[in-house]
1. Residues of the stretch 217-271 being part of a loop (DSSP other than H, G, I, E, B), open to solvent by less than 60 Å² (accessible area, probe 1.4 Å) and of a type in the set (A, V, I, L, M), which ones?
2. Filter the stretch 437-469 down to the residues that are hydrophobic (A, V, I, L, M, F, W, C) and modelled with pLDDT under 80, then identify the one that is nearest to the ligand (Cβ to nearest atom).
3. Need the failing condition index for residue 390 against (1) within 30 Å of residue 164 (Cβ to Cβ); (2) open to solvent by less than 50 Å² (accessible area, probe 1.4 Å); (3) of a type in the set (A, V, I, L, M, F, W, C); (4) in contact with a helix residue (DSSP H, G or I) (Cβ under 7 Å, 6 or more places away or on another chain), just the number.
4. Part of a loop (DSSP other than H, G, I, E, B), modelled with pLDDT of 95 or more, open to solvent by less than 80 Å² (accessible area, probe 1.4 Å) and of a type in the set (A, V, I, L, M): is that true of residue 282 in this structure?
5. Mind checking which residues of the stretch 173-207 are more than 24 Å from residue 52 (Cβ to Cβ), away from the ligand (no atom under 16 Å from the Cβ) and either crowded, with 24+ Cβ neighbours inside 10 Å or of a type in the set (Val, Ile, Thr) (or both)?
6. Test residue 372 against the stated conditions and say whether it is open to solvent by 30 Å² or more (accessible area, probe 1.4 Å), away from the ligand (no atom under 11 Å from the Cβ), of a type outside the set (Gly, Ala, Ser) and out of contact with any Ser or Thr (no Cβ under 9 Å at 6 or more places or on another chain).
7. Condition first: away from the ligand (no atom under 16 Å from the Cβ) and either of a type in the set (A, V, I, L, M) or free of Cβ contacts under 8 Å to residues at least 12 places away in the same chain (or both). Can you find one or more residues in the stretch 247-256 that meet it?
8. How many residues does the stretch 367-401 hold that are over 24 Å from residue 269 (Cα atoms) and at pLDDT below 95?
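The values are calculated or read from the model by the stated rules, or taken from the named source; none is laboratory data. A quick note: this is a predicted structure, and the numbers were derived from the prediction, not measured. Cβ placement follows ideal geometry from the backbone for every residue including glycine, while neighbour counts extend to all protein chains displayed. For the accessible areas, the whole protein counts, side chains as well, though only heavy atoms, and no ligand, DNA or RNA atoms are used. Shrake-Rupley method; radii C 1.70, N 1.55, O 1.52, S 1.80 Å.
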Amino acid sequence: MTLDDDHFHDQCGVFGVYGSKEAANLAYLGLHSLQHRGQESAGIATVEHGRLLIHRGLGLVQEVFTQDVLAKLPGENAIGHVRYSTAGGSHLKNVQPIAVDYSLGSIAVAHNGNLTNADETRERLESEGSIFQASSDTEVIVHLIARSRQPTAVDRVADALTQVKGAFSLLFLTADEMIAVRDPFGFRPLSIGRTKDAYVFSSEPCAFDLISAEYLRDLEPGEMVVIDQQGMRSLFPFASVNRKMCIFEYVYFARPDSALGGISVYEARKRMGRTLAAEQPIDADVVIPVPDSGVAAALGFAEAAKLPFEMGLIRSHYVGRTFIEPESSIRHFGVRLKLSPVREILAGKRVVVIDDSIVRGTTSRKIVKMLRDAGAREIHMRISSPPTRWPCFYGIDTPSRSELIASSHTAEEIAKYVTCDSIGYLSVEGMHKAVGGAGYCDACFTGEYPVPFRQTVPPNRRQLALVGV
Ligand code: SF4
């Protein structure tokens, strides 16, 4: 998936530092490594002398934070957040971390995921007098903490989170402690690492390399880790359920240099490619990926099919998020700006194109046209995940069901729409095998949602509707 008009967006990445004189700088670098999880806004909160300091803004991490800004965030503890959200000032109030004052002091929170009972909880709290500033689910958690009767911040966080359902990997920062929590299903990843003098938390361990932190472990689903001056302790405040980690993290969202739950994302993608080759064989001359997300799967496919792997499409890394289209008559301008074909590899060949998924089909159609224009004789699309038929309610920004081409079209019909010669998807079993079997949410492929929800549109669409976009 390569284009904004045909793309899943993960909603967030979180990063935390406890016990470093360079907390804000480390958080900045951590967020930079998590930039792929959200490009629309970024924020960091630190605490000094019991006072929370916070800076947030719309844009990439490097646009939101300058050296001057970071210098104004002193303190040894920090939490940070990157988020995907629709651009526009009206969304600034949803940018995280969120910080509030309440009866026990101040608390800041950074959240990756989506709550499935946010609407009901918000309605209940509003009917009891709570006033909400923004439309994010995270604010619901903050209100529940503020209203809790428990004696400590840790108890209040646990109390609040037993009242919410859905997906949450959360970092909390108070005057003297950091609390990291992963929901009982473990939908979203969260890992702990260690530098010489600090503990660090990250949505993905790939962020640890840049700051020379050692990866310690992933938080367990349902685990709450508290770090304060006494050290680190671990609590399990929720009723235990079967783990349901998001399988799409392996298919597309996570960075290939991350290992989640001890499984290398890169290796998992390669295995998906190998299995895809076995399940959907095709006579061809060359295997090419849709860069960057299809690369590891294409390597696996080529290896198993004993076909040459080539970079038949080159991705430009210097495309801004917005651009001016010179002439509206230049068709496929968006995709041409991001990808260009290598004619020498494609001309006269029977080409297998590997992509991780198809959302609406519009990008695939443009890519196929581009390959044909470059002289490809046959184009066979192979997708390293099953057809995406259902929206996600657990923290991934997906289009509604009617916009997902596979929800209403067979593989043959999709091939016809994208104008390729054949299309083949990985099976649900093949995908699970690549990540080691059970314990994964696969609802966007199967419709089997592990946590029920009330709303009929994905949370991000609901928020757009709320602000009238
Ligand atoms: Fe991940 Fe899909 Fe489940 Fe959402 S529905 S958590 S994207 S597997």
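1. Correct list: 219, 247, 254.
2. First, the residues of the stretch 437-469 that are hydrophobic (A, V, I, L, M, F, W, C): 438, 441, 443-445, 451, 453, 457, 464-467, 469.
In the following step, the residues that additionally are modelled with pLDDT under 80 were identified as 453, 457, 464-467, 469.
Values: 453: 11, 457: 14, 464: 18, 465: 20, 466: 21, 467: 23, 469: 22 Å.
Among those that are hydrophobic (A, V, I, L, M, F, W, C) and modelled with pLDDT under 80, it is 453.
3. The single condition residue 390 does not satisfy is (2).
4. Yes: the conditions hold for residue 282.
5. 191, 205
6. Values: open to solvent by 30 Å² or more (accessible area, probe 1.4 Å): yes; away from the ligand (no atom under 11 Å from the Cβ): yes; of a type outside the set (Gly, Ala, Ser): yes; out of contact with any Ser or Thr (no Cβ under 9 Å at 6 or more places or on another chain): no.
Taking the combined requirement at face value, the residue does not satisfy it.
7. Within the stretch 247-256 (the criterion being away from the ligand (no atom under 16 Å from the Cβ) and either of a type in the set (A, V, I, L, M) or free of Cβ contacts under 8 Å to residues at least 12 places away in the same chain (or both)), the answer is no, since none of the residues qualifies.
8. Residues that pass the stated criteria total 2.
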